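The values are calculated or read from the model by the stated rules, or taken from the named source; none is laboratory data. Not measured: the values here are computed from a predicted model. Here the Cβ is made from the backbone with ideal geometry for all residues, glycine too, and neighbour counts use every protein chain on show.
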Amino acid sequence: MPKYPQKEIAQLVLQQCVVNNIENVVISPGSRNAPLTIGFVNHASISALSVVDERSAAFFALGIAQQTKKPVAVLCSSGSALLNYYPAVAEAFYSNIPLVVISADRPKYLIDIGDGQTIRQEGVFDNHILFNANLTESNTELLHNSKLIEKALRLACEHKGPVHINIAFEEPLYETVDHLIPFPFNIVGVQSEISANSLLDEVPLEVDELQKFADIWNVSSKKMILLGENFPDTLTQTQLSHIINDPSVLVLTETTSNVYHKNFINNIDQLIFSLDEEKYKDLQPDVLLTFGGMVVSKKIKQFLRKHQPKHHWHVGNKVAYNTYFCLRHHFKISSQLFFSQFFFLTKAKESDYQNTWLLVKKNRKKRHELYINKVQFSDLKVFDSVLKQIPKNSLLQLANSSIIRYSQLFDIDKSLQIFCNRGASGIDGSTSTAIGASWAQTKPTIFITGDISFFYDSNALWNNYIKSNFRIILINNSGGGIFRFIPGPQKSDALEYFETPHGLNAFNLCEMYGFDYFKAKNNEELKAHLNIFYKPSKRPGLLEIFTPPLKNDKVLKNYFKNLIETVDIE
C-alpha cells in the first residue's frame, strides 16, 4: 500500500501537481523535503527521478521539458541546494521552458539564527522567475496556499517559464498516512484548460490593423526574415517555403531554427563575413521580420545594429527583444497564426534582392567545400566529418561556445532535430540538458560538446537514466579555444586565464559511469571510429576527439579569409 505524507501542505502540493498533469519530478536528496519526496515517489501518476547534484538535476529536468513542452518539477531540500538551481532557472526564463522549482524551507523563526542548511529562500530567483509562491503549514492558510500553487502552475503553462514554490516545513518530516487527504475545496486543474499550441485558441489580429503593415511590406523591395531558435514545426516550414517565392524576401535561419530550404540562407556568418560597406548597404533590409528564440550569430547582430532596417517587426506571443535597437512593432501572436493571416494580405514584389544574395551564398559554398576538402585535421575538419555521419532522424544537442558557432558554418541533414541552451547561453548544464532530452525521447540522441563545457558539467554523467542510444562527441582541444579567436585575450598577458589549458581526458569518467569509450587523434582514427560509434550497444558511448589547440584558430581565421580570397592551406 502506498504511503503519503501526513502533512496537509505537502499533500496539497502533490495533488495540485497531479491534477495539473505534471508527470515528471526530478528529486535531489535531503531531509527537509522528505514530505514531498514521499508523496511524489508513492503517487502512481508521477515519474519520480533521482539526481543528486541539484545543478545537474535542474538542467536534466529542463531537457525533459524542452522535448515534451510540458512543465517538469524539480524538488530539493533547504539551504544552498536551492541556489544550485539558478543557472537552469535563468536558462528556462530566457528559453521559455516551463520549469517548476519546488523547495523545502525552514520556518521563518529559524531563519538567520545560525541554524544549519538555512538561508533566505523567499524570492531568491526574483530577477528570473515568473512567480514565487511562498507557502506555510498553517491550516488556516490552506485555501490561500492552494490558490498560490494554482497561479504558479498556470503561469508556467501559459507563459512557458520557470516558477518557484517554496514550502516551510516544521519537524517531524517523515510521518505518513495511507490515503490522499480530501480537501474542503476544489483543486483546480489549470493545465487541462490550456490547449497545447492550438491556433484555434488564439485571438487573430485585427485585419484592418494588419493591413497597414502589409501595405509597407508590399511596396518594400528588400525584406529580410530572420528566424532564431525554433522547435521543429511542419507548419512553419511550409509557411516559410511559401513566402520564399517572393523574390524580394530573403530568409535567414540558424542551426537551431529547424527549418530547411535550398533558398534559405542557413549559414549566416559564412554569407556576411567581410562584406564591404557597399555590399552591407545592398544587404540592408527595408523591413526586418523576426521570430523564434535567441539568435547565435554575432555578425548578424552587428550588421543589423549598424545598418538598421526602416521597419523591424517581431512576431511571438511572449516577449520581443529589441536586439537590433530599432524594434517598431510586436505582433503578440504565434508566428503560425501570423503568417496564416498575413499571406492573404501580401503580394510578391519584383526585386533582385533574394537572387543577388543566393548567388553570393552559392559562391561561398563552393569556397567552403574547397577549403574543407584540403584543410588539415582541426576543429573545423572534425565538424565536417562528424556532422556528415550523424544518423538520420536523430536528436542533435549542441553545447555552447565554439560548438554552436562551428555548427552554423555547415549544412546539417534536415531529418535532425537540433537544440542548444541559447537562453542564457551558458556552458554549465549542456550535458545534463542533453541527457534529459534523450530520456524524454525515443530516438537516438547525439550530443556534441567541447572539453571545458564537458568537464564543467561532468556530474551530468552521475545519472541513472542515461539511455544506451545516447552518444557524446567530445571535441577536446585542451582549453577554451574560443578565446584564441577573440582578439582581446591574445593581446593581453593573461591568455591562460581565459583559455584555461588542461591535460584532462574523459577515459576515467567513462570507466566510472559505464560509457563505451573511443578516442581519435587524426582523420584516419576518426573515420574508423565513426563507422562503429553509432552501432547499437548495451551502454551509452563517448567519442573523444583530440584536436591541435595551437592550430585551430589559424585554420578558422584562414577559413573566413578563403571565403573572399584564395589563401594557402597549411
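Details
- Restricted to segment 517-550, and to residues there that are polar (S, T, N, Q) and assigned to a helix (DSSP H, G or I), the residue that is modelled with the highest pLDDT is Asn523.
- Of the residues examined, Val52 is one that is closer than 24 Å to Thr118 by Cβ and assigned to a loop (DSSP other than H, G, I, E, B).
- Lone unmet requirement of (1) under 19 Å from Tyr85 (Cβ atoms); (2) among the charged types (D, E, K, R); (3) surrounded by fewer than 24 Cβ atoms within 10 Å (Cβ to Cβ) for Asp457: (3)
- With respect to (1) touching a Gly at 6+ places or on another chain (Cβ under 6 Å); (2) closer than 14 Å to Tyr85 by Cβ, the lone exception for His164 is condition (1).
- Hits in segment 138-177 - residues which are out of contact with any strand residue (DSSP E or B) (no Cβ under 7 Å at 6 or more places or on another chain) and either part of a loop (DSSP other than H, G, I, E, B) or among the small types (Gly, Ala, Ser) (or both): Ser138, Ser146, Lys160, Gly161, Glu170, Glu171, Pro172, Leu173, Tyr174, Glu175
- Residue match in segment 62-81 (condition: buried (at least 24 other Cβ atoms within 10 Å of the Cβ) and hydroxyl-bearing (Ser, Thr, Tyr)): yes
- Residue in segment 509-516 that is more than 29 Å from Pro87 (Cα to Cα) and at pLDDT 95 or above present: yes
- Phe273 meets each of the listed conditions (1) surrounded by fewer than 20 Cβ atoms within 10 Å (Cβ to Cβ); (2) aromatic (Phe, Trp, Tyr); (3) closer than 26 Å to Tyr94 by Cα apart from (3).
- Residues located in segment 85-124, provided they are touching a strand residue (DSSP E or B) at 6+ places or on another chain (Cβ under 8 Å), outside any loop (DSSP other than H, G, I, E, B) and modelled with pLDDT of 95 or more: Tyr85, Ala88, Val89, Ala92, Leu99, Val100, Val101, Ile102, Ser103, Ala104, Asp105
- Of all the numbered requirements in (1) polar (S, T, N, Q); (2) out of contact with any helix residue (DSSP H, G or I) (no Cβ under 7 Å at 6 or more places or on another chain); (3) modelled with pLDDT under 95, Ser77 misses one, and that requirement is (3).
- Residue count for segment 271-293 satisfying the condition of being of a type in the set (S, T, N, Q) and modelled with pLDDT under 95: 1.
- Annotation: of all residues in segment 529-557 being loosely packed, with under 14 Cβ neighbours inside 10 Å and over 18 Å from Ile448 (Cα atoms), the one that is farthest from the chain's Cα centre (by Cα) is Leu550.
- Among the residues of segment 116-160, those that are under 18 Å from Val74 (Cβ atoms), surrounded by 19 or more Cβ atoms within 10 Å (Cβ to Cβ) and of a type outside the set (A, V, I, L, M) comprise Gln121, Phe125, Cys157, Lys160.
- All of (1) within 29 Å of the chain's Cα centre (by Cα); (2) part of a helix (DSSP H, G or I); (3) crowded, with 18+ Cβ neighbours inside 10 Å hold for Asn400 with one exception: (2).
- When we screen Ser146, Ser56 for residues that are within 28 Å of Glu175 (Cα to Cα), of a type outside the set (Val, Ile, Thr) and in contact (Cβ under 8 Å) with a residue 60 or more places away in the chain, the only hit is Ser146.
- If you go through segment 412-437 and pick out every residue that is surrounded by fewer than 24 Cβ atoms within 10 Å (Cβ to Cβ) and in a loop (DSSP other than H, G, I, E, B), you end up with 12.
- Residue tally, condition in a loop (DSSP other than H, G, I, E, B) and touching a Lys or Arg at 6+ places or on another chain (Cβ under 8 Å), over segment 229-259: 5
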